[in-house]
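A short write-up of the structure that comes next.
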Amino acid sequence: MLSVLYLQFCNLSMFPEFLKSQTSLEYLDLSNNKICGAVPNWVWKKSLRNLDLSNNSLSFLDQFSLNQSLTSSQGSLSRPICNLSQLRTFNASFNKLSGPIPSCLGNISSLDTLDLQKNNFNGSIPDFAKATQLYWLQLNDNKLEGKLPRSLANCTMLQVLNLGNNTLHDTFPLWLGKLPALMVLVLRANRLYGPIKHVKNCFQDLDVLDIAFNNFSGQLPIEFFQAPQLRSLKIGGNKLEGKLPRSLAYCKKLEVLDVGKNMIQDTFPFWLEKLPSLKVLVLRANKFYGPAKTSEDENAFPELHILDLASNNFSGELSIGFFRSLKAMTTMTDGKKAKPDYIGDKHYQDSLTIVNKGCEIFYKKILTIFVCLDLSNNSFHGRIPEEIQNLKSLKALNFSYNSFLGPIPSALGNLTELESLDLSQNNLSGKIPPQLASLTFLEVLNLSYNQLEGSIPQSYQFGTFPNDSYKGNPRLCGPPLTKKCNEVGLGMQPPKEDEDSLVDGISIWKIVLIGYGCGLVIGLSIGYTVLNEMGNKWMDRFTWNWNKKWRRSFK
């Protein structure tokens, strides 16, 4: 008799009819097909131990109820599944299943893996008091609501719990901290609220803690982040305040730290530079302030390749030592040879949402293939150091909405891996370096609202960028702009801000001399015209500067 059947990636559109006669099936894998509609009752064999229906288009677990007198969908769904007393693994993820999750799944004592993520299940999470063998539970990306079931505390073998992207409404589940085997806890994007509480020796064996995008508030507890095994911590998108706990320095295995979009007020956490495995540091949209200085130790940030400081109050000039400390960004990486970044004993793959190419993009393999430096929306000033050319593995660079001045470094042309470059809303001047034309992977370029001049480099790559990439630079010319480079006045250097009053004074005396030489009426007429034109230019410059400050005030 047939006991094992694997039919994944077979382009099936319906359940094979011959399965009706198979009464001894133990392992059935129909994943990654095109099966749609309902799961008929005859699929639920009492002999089943492993059932994988993932990555199809299933909409119901049962098409017809066993008793036509039953109208409750819960009753019709529960009966066939409840007969599976030997079921160990059930995977129906990435389908279109709706309705409540059958409550009897929590009564199958042999069940150790349940994956129903990426469906349309609603209602509350079932009671799992009897599923004491459960060690892998993923119910994320559904429409589940209510509180977290306290019965999960009985699942003492639970290693991975992912309930993210639902509408659960509860306080911080401190009681889960006592589960001795828990390695991955994901509760992101729910409606959890209140302070993050801590009891000593809780969550000591966690690899992953993701509670981002909830409504947690208050200060971060100091003792909470002393988990020696912690590799990924994501608490962004809440209402947390105070300083960043120095106890994070004890998390020697930490690879991902995301505290973005909170109200944390602190200086740059240079003390994190000693973490030997830190690869991702996201401080975006908080109240961090002061210079972004490191100790310039040769061993600072040895693995960091994603640094996001955007939308804070950082200031000062960027030091050469700052770029030297980003050693992991100086090494070219081969994405094809990059190993998957798995966490946990059953290959939980970490991920992160990063602002790139002007929008938020979800990256799954963040620990291996993506390199990003984002300093936008701060108060950095001075010149961009030429040493930036050492960050050869950068794929995204964003210095927009700062006060950088001077020319664009021609050394940027050495960053041949760049896919996105944003230097907009600064005080950069001079010509666009022709070396930038060698950035053949560049998909997004934004140089708008600076003081750039001269012709735009002509290459196939630069020809693909729209006019918006260059707007706000009235002295730029050449395709794709309509302004030609041979127009009168384009070669004139724009006056510096400290020279404006002198230029204006000279202009006024010219007007007076014109008045004496040509007659009062003609002089006044010409004077009015010049003053009017000069006033318009002054108003344009004033409006641009005011808009820039206004945008910063709302970052």
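The values are calculated or read from the model by the stated rules, or taken from the named source; none is laboratory data. Here the structure is a predicted model, which is why all the values come from computation and not from measurement. Using ideal geometry, Cβ is built from the backbone for each residue, glycine included, and neighbour counts are taken over all protein chains shown.
Can you name every residue in the range 33-47 that is part of a loop (DSSP other than H, G, I, E, B) and touching a helix residue (DSSP H, G or I) at 6+ places or on another chain (Cβ under 6 Å)? Scanning the range 33-47 gives a single hit, 44. Does residue 1 satisfy being assigned to a loop (DSSP other than H, G, I, E, B) and modelled with pLDDT of 90 or more? It is false that residue 1 is assigned to a loop (DSSP other than H, G, I, E, B) and modelled with pLDDT of 90 or more. The lone criterion from (1) at pLDDT 90 or above; (2) in contact with a strand residue (DSSP E or B) (Cβ under 6 Å, 6 or more places away or on another chain); (3) within 18 Å of residue 257 (Cβ to Cβ); (4) not hydroxyl-bearing (Ser, Thr, Tyr) left unmet by residue 375 is number (2). Take residue 108 and tell me if it is touching a strand residue (DSSP E or B) at 6+ places or on another chain (Cβ under 9 Å), more than 19 Å from residue 56 (Cβ to Cβ), surrounded by 21 or more Cβ atoms within 10 Å (Cβ to Cβ) and modelled with pLDDT of 95 or more. Answer is no for this residue.
Considering only residues in the range 1-60 that are closer than 21 Å to residue 109 by Cα and small (Gly, Ala, Ser), the one that is farthest from the chain's Cα centre (by Cα) turns out to be 24. Screening 281, 240 for residues that are surrounded by 15 or more Cβ atoms within 10 Å (Cβ to Cβ), without any contact (Cβ under 8 Å) to a residue 60 or more places away in the chain and touching a helix residue (DSSP H, G or I) at 6+ places or on another chain (Cβ under 8 Å) leaves exactly one candidate, 281.
Is there a residue in the range 455-465 that is surrounded by fewer than 16 Cβ atoms within 10 Å (Cβ to Cβ), within 19 Å of residue 397 (Cα to Cα) and either touching a Phe, Trp or Tyr at 6+ places or on another chain (Cβ under 9 Å) or not β-branched (Val, Ile, Thr) (or both)? Looking for residues that are surrounded by fewer than 16 Cβ atoms within 10 Å (Cβ to Cβ), within 19 Å of residue 397 (Cα to Cα) and either touching a Phe, Trp or Tyr at 6+ places or on another chain (Cβ under 9 Å) or not β-branched (Val, Ile, Thr) (or both), one finds none in the range 455-465, hence no. Looking only at residues of the range 411-434 that are among the acidic types (Asp, Glu) and in contact with a strand residue (DSSP E or B) (Cβ under 8 Å, 6 or more places away or on another chain), we find that the one that is modelled with the highest pLDDT is 422.
In the range 88-101, the residues that are under 15 Å from residue 57 (Cα atoms) reach residues that are part of a loop (DSSP other than H, G, I, E, B) and among the small types (Gly, Ala, Ser) with C-beta atoms within less than 6 angstrom, at least six apart or across chains, in these pairs: 91/54; 93/54; 94/54. Please verify whether residue 298 is under 15 Å from residue 232 (Cβ atoms) and surrounded by fewer than 15 Cβ atoms within 10 Å (Cβ to Cβ), treating the condition exactly as stated. No; evaluated as a whole, the condition is false for this residue.
Given the criteria touching a residue at least 24 places away in the same chain (Cβ under 8 Å), more than 19 Å from residue 391 (Cα to Cα) and not small (Gly, Ala, Ser), does residue 293 qualify? Against the criterion (touching a residue at least 24 places away in the same chain (Cβ under 8 Å), more than 19 Å from residue 391 (Cα to Cα) and not small (Gly, Ala, Ser)), residue 293 does not qualify.
Taken together, 233, 209 contain a single residue that is under 15 Å from residue 176 (Cβ atoms) and in a strand (DSSP E or B), which is 209.
Of the strands (runs of 3 or more DSSP E) entirely within the range 367-484, those holding at least 3 residues that are more than 22 Å from residue 325 (Cβ to Cβ) and not charged (D, E, K, R) occupy 403-407, 427-430, 444-446, 451-455. Condition check for residue 293 on (1) modelled with pLDDT under 90; (2) touching a Ser or Thr at 6+ places or on another chain (Cβ under 7 Å); (3) outside the structural domain of residue 313 (by TED's automatic domain parsing); (4) not small (Gly, Ala, Ser): one failure, at (3).
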